[in-house]
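Take a look at the structure below.
The values are calculated or read from the model by the stated rules, or taken from the named source; none is laboratory data. All figures in this text were calculated on a predicted structure; none of them were measured in a lab. When we count neighbours, we look across all protein chains shown, and the Cβ atoms used for this are built from the backbone with ideal geometry, even at glycine.
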Amino acid sequence: MSFKIFDIVGSGLSAQSVRLNTVASNLANADSVSGDPNTVYKARHPVFQAVQAAMNQSAGALDRASGATVRVSGIVQSTAPPTERYDPGNPLADEHGNVYAPNVNVIEEMTDMISASRAYQDNVEVMNTSKDLMLATLKLGQ
Amino acid sequence: MALNLDTYLGVHADALKLQSKRMDVLADNLANVDTPNYKARDLDFRTALAAAGSPDAAVPLKTTDSRHIALDPTTDASAALKYRVPLAPALDGNTVDAQQEQAAFADSTVRYQATLTFLTSRIKDLMTAITGS
């Protein structure tokens, strides 16, 4: 049994944890208002990309064909407009008495968090199972 | 009497290798569960095992240039690697169904363990024959 499965699972785990990080950052800043719509916090989302593992020539065709790990190719900021709110008592308000709230959709973030956590659990389960099988293979014939 | 260990272990050695490759492919799918445009794949075990069992059946490709990549017929089971027919593809082009992949992974795990059991019993038989007890 090859150790490649751990690379695959590890890449999945780190990608999902980046996603959880962005969710946490978005939720933490959901109420970080600003007086300027251009400087207000924007919701961040990771972009995932499948990476075909580089294999040497001696690897079999099947080895070359399988083995796509995942990586975070970038973090994009949401382009949705920030929410304008009339709040003249706020020290950050502009000359019209408006403040701008981030374009973070809390419900979307919560569902994203659940999805990321499920995917993370899937990967952990795959890793545990592969580890058990590998240990069983090591004990082969005893 | 000469004992060929490969023949003695039979199909199980190949099966073990292929099940672990299948698990690699399924782990790929689960790791890329949220990657846009990723297409889920699976290993057609029967085809792969047939390819592993009969290396002569594959037609060898002639390489006429040093830059050509030689096709190793003994390890060419890539024909068995197929895209899954999606039940409900996501709007971002991803065709991974996490539940389906989990079920396939569980299936592969059990089969791997079954193969391990077969191999263990074969080795135990051999040990019995060697020690004579």
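Quick notes
- Taken together, A:Met134, A:Met113, A:Met127 contain a single residue that is away from every other protein chain (no Cβ under 12 Å), out of contact with any His (no Cβ under 8 Å at 6 or more places or on another chain) and within 29 Å of A:Leu20 (Cβ to Cβ), which is A:Met113.
- For region A:66-80, residues that are farther than 18 Å from A:Ser25 by Cβ and of a type in the set (Val, Ile, Thr) total 2.
- Among the candidates B:Ala57, B:Ala88, B:Ala52, B:Ala70, residue that is at pLDDT below 90, over 22 Å from B:Leu5 (Cβ atoms) and at the interface with chain A (Cβ under 10 Å from one of its Cβ atoms): B:Ala70
- Filter result for A:Asn26 (of a type in the set (S, T, N, Q), over 30 Å from B:Arg111 (Cβ atoms) and crowded, with 19+ Cβ neighbours inside 10 Å): yes
- Residue, surrounded by the most Cβ atoms within 10 Å (Cβ to Cβ), within region A:7-23, restricted to residues that are over 17 Å from A:Ile107 (Cβ atoms) and of a type outside the set (A, V, I, L, M, F, W, C): A:Gly12
- Cβ pairs under 8 Å, 6+ apart, first in region B:105-133 and over 24 Å from A:Val126 (Cβ atoms), second part of a helix (DSSP H, G or I): B:Arg122/B:Tyr8; B:Arg122/B:Leu9; B:Arg122/B:His12; B:Leu126/B:Tyr8
- Region A:40-71, subset more than 14 Å from the chain's Cα centre (by Cα) and at pLDDT 90 or above, residue farthest from the other protein chains (Cβ to nearest Cβ): A:Val40
- Filtered residues of region B:18-32 (kept if in contact with an Asp or Glu (Cβ under 7 Å, 6 or more places away or on another chain) and either among the acidic types (Asp, Glu) or within 7 Å of another protein chain (Cβ to nearest Cβ) (or both)): B:Val25, B:Leu30
- Selection from region B:33-49 of residues that are more than 9 Å from every other protein chain (Cβ to nearest Cβ) and out of contact with any Lys or Arg (no Cβ under 8 Å at 6 or more places or on another chain): B:Arg46, B:Thr47, B:Leu49
- Taking the criterion of being touching a residue at least 60 places away in the same chain (Cβ under 8 Å), farther than 15 Å from A:Phe3 by Cα and not in a loop (DSSP other than H, G, I, E, B), the residues of region B:1-44 that qualify are B:Tyr8, B:Leu9, B:His12, B:Ala13, B:Ala15, B:Asn29, B:Leu30, B:Asp42.
- When region B:92-105 is filtered for residues that are exposed (fewer than 15 other Cβ atoms within 10 Å of the Cβ) and either modelled with pLDDT under 90 or not aliphatic (A, V, I, L, M) (or both), the ones remaining, listed by number, are B:Asp92, B:Gly93, B:Gln99.
- Test for A:Thr79: is it more than 14 Å from chain B (Cβ to nearest Cβ), among the β-branched types (Val, Ile, Thr) and farther than 16 Å from A:Ser32 by Cα: yes
- Selection within region A:85-105: residues that are in a strand (DSSP E or B) and exposed (fewer than 14 other Cβ atoms within 10 Å of the Cβ). The member of this set that is modelled with the highest pLDDT is A:Tyr86.
- A search for C-beta distances below 9 Å between a residue of region A:129-140 that is assigned to a helix (DSSP H, G or I) and any residue that is surrounded by 11 or more Cβ atoms within 10 Å (Cβ to Cβ) and of a type in the set (Val, Ile, Thr), counting only pairs 6+ apart in sequence or on different chains, returns A:Thr129/B:Thr109; A:Ser130/A:Ile5; A:Ser130/A:Val9; A:Ser130/B:Thr109; A:Asp132/B:Thr109; A:Leu133/B:Thr109; A:Met134/A:Ile5.
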